[in-house]
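Read the structure below first, then the notes.
The values are calculated or read from the model by the stated rules, or taken from the named source; none is laboratory data. As the structure is a computational prediction, the values presented were derived from the model and not from experiment. Every residue, glycine among them, receives a Cβ derived from its backbone with ideal geometry; neighbour counts consider all protein chains shown.
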Amino acid sequence: MRVSVISLGCAKNLVDTEVLLGGLVGSGVEITPDVDSADVVIVNTCGFIEDAKRESVETILDLVEEGKRVLVMGCLVERYREELIKEIPEVEAYFGTQSWDEVLKHLGLEPKYYPFRVLTTPGSYAYVKISEGCNRLCSFCAIPRIRGRHRSRPVEEIVDEVKRLADLGVKEINIVSQDTTYYGRDLYGRCGLVDLLREIEKVDGIEWIRLLYLYPTEVGDDLLDFIAGSEKVLPYLDIPIQHISTGVLRSMRRGYDEGFVRNMVERIREKVPGAVLRTTLIVGYPTETEGDFKRLLNFLEEGHFFWAGVFTYSREEGTHAYDLGDPVPAEVKEERKETLLSVQRKITSRKNRDLIGKRLRVLIDGFSEEFTTVPKGRAYIHAPEVDGSVYLDNESGDIRPGDLVEVEITQASEYDLGGRVV
């Protein structure tokens, strides 16, 4: 049996896909990236916001129109199983999130998992999901309804996974979850993230540990002090603040206000000099006025963040904000989004130019898609897939994926850097 798997959505969903691939390989299935030659196509969907749902549905429809044997799993199914069965009956079967055994059994396979999940990332880095679900009740978010309440994995289980990744040659661990800073509260009665990081640091072969999806109110001094003193945990913090207007944040049920965000940024700068901050922002929330947006724009212009993702508000069934309606016109949302992105591009470009002449350690992920002999990697300022890259000159010598090299930065653009191996 030849099976092709399409993974949509976030890195957390990608980990689920990699586990499924491990089950398929362990059960004797041949995996192919070529959809046309596959006997079965499995789509792991995203159902978070409108754009993601649309992409998932369009992917499914394209496959069934081609006459493919299609199985669908993931977040979209958790939210809309009955509607999907009714509207797209051509799909052979639907499965929820983490339904790996059910998928394998449906295909007539006895679940036997490959000694490890099948990595779809370059061999230099991998994602490690430390928990599942979320206990927060942010008004705009459907994740708790899709993924359930927060469930932490035991420290020992995570460390064992990291050791296996290190044995495969992985150098960078990207820690992901729906709420990374909530880790351990359900198992240990307190935040156990620092304790987990301390154990992961001990794993030989792992050089970088990157933290993603940190909730603002949980970025405490103990975590910042640990990062500042760590040789492996990168001074890179992904902290989605969503907005800066206190009124909007209150309606979003985020549990903090503008003053808290400003104090948090100052505290990070003080405790972790040189820290790189990434955030996520939402524009067009139902209560967002023009004044609220201008306040957010002015805050972004202050240049606190090296990277920022911007999303337009998506009205989602079952969320607390659903009853607020969707009063901000779509064209206004898009205009606000593009305004923020334009500002952030200039900030990132300036921060990149400031790096010219400096030296950075760069982890090589592979080679340029356009110029296949040009090594391509990332510095500590770059999370995989969402941030920029560092391209090395053609005189960099024998550079291989997985190498960590010191690079002098010689060029900068809006997103990417260029340099030479020192």
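What is the number of the single condition among (1) more than 24 Å from residue 274 (Cα to Cα); (2) crowded, with 21+ Cβ neighbours inside 10 Å that residue 164 does not meet?
All conditions are met except number (2).
Against the conditions (1) surrounded by fewer than 19 Cβ atoms within 10 Å (Cβ to Cβ); (2) basic (Lys, Arg); (3) within 22 Å of residue 76 (Cβ to Cβ), where does residue 12 fall short? Just the number, please.
It fails just one condition, (1).
In region 171-192, what residues are assigned to a strand (DSSP E or B) and free of Cβ contacts under 8 Å to residues at least 60 places away in the same chain?
Those that are assigned to a strand (DSSP E or B) and free of Cβ contacts under 8 Å to residues at least 60 places away in the same chain: 173, 175.
Just the residues that are in a loop (DSSP other than H, G, I, E, B) and modelled with pLDDT of 90 or more, please, taken from region 27-54.
29, 32, 33, 34, 38, 39
Those residues that are in contact (Cβ under 8 Å) with a residue 40 or more places away in the chain and surrounded by 18 or more Cβ atoms within 10 Å (Cβ to Cβ), I need them from region 208-218; list them, please.
Selection gives 208, 210, 212, 215, 216.
Within region 228-279, track down each residue that is assigned to a helix (DSSP H, G or I) and either aliphatic (A, V, I, L, M) or in contact (Cβ under 8 Å) with a residue 60 or more places away in the chain (or both).
Passing the criteria: 228, 248, 249, 251, 252, 261, 264, 265, 268.
Have a look at 24, 84, 76, 63 and point out the one that is assigned to a helix (DSSP H, G or I) and in contact with a Gly (Cβ under 6 Å, 6 or more places away or on another chain).
Of 24, 84, 76, 63, the one residue that is assigned to a helix (DSSP H, G or I) and in contact with a Gly (Cβ under 6 Å, 6 or more places away or on another chain) is 76.
Among the residues in region 316-338, are any in contact (Cβ under 8 Å) with a residue 24 or more places away in the chain and aromatic (Phe, Trp, Tyr)?
No; the residues of region 316-338 include none that is in contact (Cβ under 8 Å) with a residue 24 or more places away in the chain and aromatic (Phe, Trp, Tyr).
From the residues in region 294-315 that are touching a residue at least 60 places away in the same chain (Cβ under 8 Å) and outside any loop (DSSP other than H, G, I, E, B), which one is surrounded by the fewest Cβ atoms within 10 Å (Cβ to Cβ)?
309
Tally the residues that are more than 16 Å from residue 122 (Cα to Cα) and without any contact (Cβ under 8 Å) to a residue 24 or more places away in the chain, restricting the search to region 375-404.
2
When you look at residue 223, is it in contact (Cβ under 8 Å) with a residue 40 or more places away in the chain and either surrounded by 21 or more Cβ atoms within 10 Å (Cβ to Cβ) or in contact with a Pro (Cβ under 6 Å, 6 or more places away or on another chain) (or both), yes or no?
yes
If you check residue 195 against the conditions, is it touching a Gly at 6+ places or on another chain (Cβ under 8 Å), outside any loop (DSSP other than H, G, I, E, B) and either surrounded by fewer than 19 Cβ atoms within 10 Å (Cβ to Cβ) or of a type in the set (Val, Ile, Thr) (or both)?
yes
If I go through region 346-402 residue by residue, how many of them are at pLDDT below 90 and among the hydroxyl-bearing types (Ser, Thr, Tyr)?
Matching residues across region 346-402 total 4.
So for region 146-156 (the condition being more than 30 Å from residue 286 (Cα to Cα), within 17 Å of the chain's Cα centre (by Cα) and modelled with pLDDT of 90 or more), does at least one residue qualify?
no
Can you list the strands (runs of 3 or more DSSP E) found entirely within region 353-422 that contain at least 2 residues being surrounded by fewer than 20 Cβ atoms within 10 Å (Cβ to Cβ)?
Output list reads 359-367, 404-412, 417-421.
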